[in-house]
1. Going through 174, 163 one at a time, which residue ends up being out of contact with any Gly (no Cβ under 8 Å at 6 or more places or on another chain), buried (at least 21 other Cβ atoms within 10 Å of the Cβ) and at pLDDT 95 or above?
2. State all residues of segment 277-302 that are within 22 Å of the chain's Cα centre (by Cα), free of Cβ contacts under 8 Å to residues at least 40 places away in the same chain and within 21 Å of residue 229 (Cα to Cα); if no residue qualifies, say none.
3. Please state which one of 94, 51, 35, 45 is of a type in the set (A, V, I, L, M) and over 24 Å from residue 114 (Cα atoms).
4. Applying the selection to segment 99-135, what residues are of a type in the set (Ser, Thr, Tyr) and part of a helix (DSSP H, G or I)?
5. Report, ordered by the first and then the second residue, all pairs with beta carbons closer than 7 Å, sequence separation of six or more or different chains, a first member in segment 181-206 that is closer than 15 Å to residue 133 by Cα, and a second member that is open to solvent by 10 Å² or more (accessible area, probe 1.4 Å) and at pLDDT 95 or above.
6. Could we say that residue 293 is surrounded by 13 or more Cβ atoms within 10 Å (Cβ to Cβ), assigned to a loop (DSSP other than H, G, I, E, B) and touching a helix residue (DSSP H, G or I) at 6+ places or on another chain (Cβ under 8 Å) here?
7. Do we have residue 270 as surrounded by fewer than 16 Cβ atoms within 10 Å (Cβ to Cβ), out of contact with any Ser or Thr (no Cβ under 6 Å at 6 or more places or on another chain) and at pLDDT 95 or above here?
8. Restricting to helices (runs of 4 or more DSSP H) lying wholly in segment 162-259: which have 3 or more residues that are more than 29 Å from residue 283 (Cα to Cα) and touching a Lys or Arg at 6+ places or on another chain (Cβ under 9 Å)?
Amino acid sequence: MSLESKSLQGTSVAGESLKGKTLFITGASRGIGLAIGLRAARDGANVAIAAKTAEPHPKLEGTIFTAAEQIERAGGRALPLTVDVRDEAAVKDALDQTAETFGGIDIVVNNASAISLSTTPATEMKRFDLMHGINARGTYMVSKYAIPHLERADNPHILMLSPPLDMAERWFAPHLAYTMAKFGMSLCVLGLAGELRGKGAGGKGIAVNALWPRTTIATAAVQNLLGGDALMRASRTPEIMADAAHAVFLKDARSFTGRFLIDDTFLAEEGVTDFSKYRVTAGVPLAPDFFVPETSVAPPGALD
């Protein structure tokens, strides 16, 4: 399997809409998770917002309740849930509440993530545990407890916001703990795609895929932790990831699974030609994100 799998083999089975589908999205109170929920809501989807932020944070915009308001204004139905993905009981209860409220779960998005770009001597073990607890263990656990619900869905998908498994020293040496935790999410894709192929209603399978951005995305993490206003201007908006995720969810779960997708490459294969609409600031060179393999080439004109 290639590091960046191609999408052309997959076929769409759900038309052009997620109307009536139910999404369970971790970390959906802001950023990419919220953008994915809003894109689905415009179709008339149901969105469970599973995140920790129930009260306003001084440095982070949005809570599960403000996100729910946005989802409903966009045309969807929302269920705000206070969930720490490290808490087994909370995860199980949130998934059960979602299925009971909306009559099932069709799509799970593992978006919740923690980041610390520190060297090994500078990484406190509590920070190591946080990243592995949220990124790798949280993704594994949410997926594990979602499987019984997804098995009853017509075209079920699990999507990880995680990178291709490009085992290059340059990704590990500067921030080993973070890379290990992030690649742990991608290892869940590799394993679950095979484990769940052919499972579910009528043996249709539960699709498991990864989606990753070629460039930095304008989120709170970029603003507060990585590069401030300058890097925000050199980023794309979360909508590029939302549009790519939407296209994934329309694919046939039987054939479209085990893929490690880069956002603009996948969207180009889906017919998108104008990527300028995703820029935060026109004319500012885009900043590359971590973990994009050297073999991955942007679509013609996508970075212009």
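1. Numbers: 174 fails: buried (at least 21 other Cβ atoms within 10 Å of the Cβ).
That would be 163, the only listed residue that is out of contact with any Gly (no Cβ under 8 Å at 6 or more places or on another chain), buried (at least 21 other Cβ atoms within 10 Å of the Cβ) and at pLDDT 95 or above.
2. Within segment 277-302, 277 is the sole residue that qualifies.
3. Numbers: 94 fails: over 24 Å from residue 114 (Cα atoms); 51 fails: over 24 Å from residue 114 (Cα atoms); 35 fails: over 24 Å from residue 114 (Cα atoms).
The unique qualifying residue is 45.
4. 101
5. 181/132; 181/136; 183/165; 184/132; 184/136; 185/136; 186/165; 188/140
6. On the way: surrounded by 13 or more Cβ atoms within 10 Å (Cβ to Cβ): yes; assigned to a loop (DSSP other than H, G, I, E, B): yes; touching a helix residue (DSSP H, G or I) at 6+ places or on another chain (Cβ under 8 Å): no.
Answer is no for this residue.
7. Details: surrounded by fewer than 16 Cβ atoms within 10 Å (Cβ to Cβ): no; out of contact with any Ser or Thr (no Cβ under 6 Å at 6 or more places or on another chain): yes; at pLDDT 95 or above: yes.
In short, no.
8. Values: elements: 169-172, 176-196, 228-233, 239-249.
The qualifying helices (runs of 4 or more DSSP H) are 176-196.
The values are calculated or read from the model by the stated rules, or taken from the named source; none is laboratory data. Keep in mind that what you see is a predicted model, and the values were worked out from it rather than measured. Ideal geometry is used to build each Cβ from the backbone, glycine not excepted, and the neighbour counts take in all protein chains shown. Surface accessibility is based on the protein's heavy atoms, side chains included, excluding ligands, DNA and RNA. Shrake-Rupley method; radii C 1.70, N 1.55, O 1.52, S 1.80 Å.
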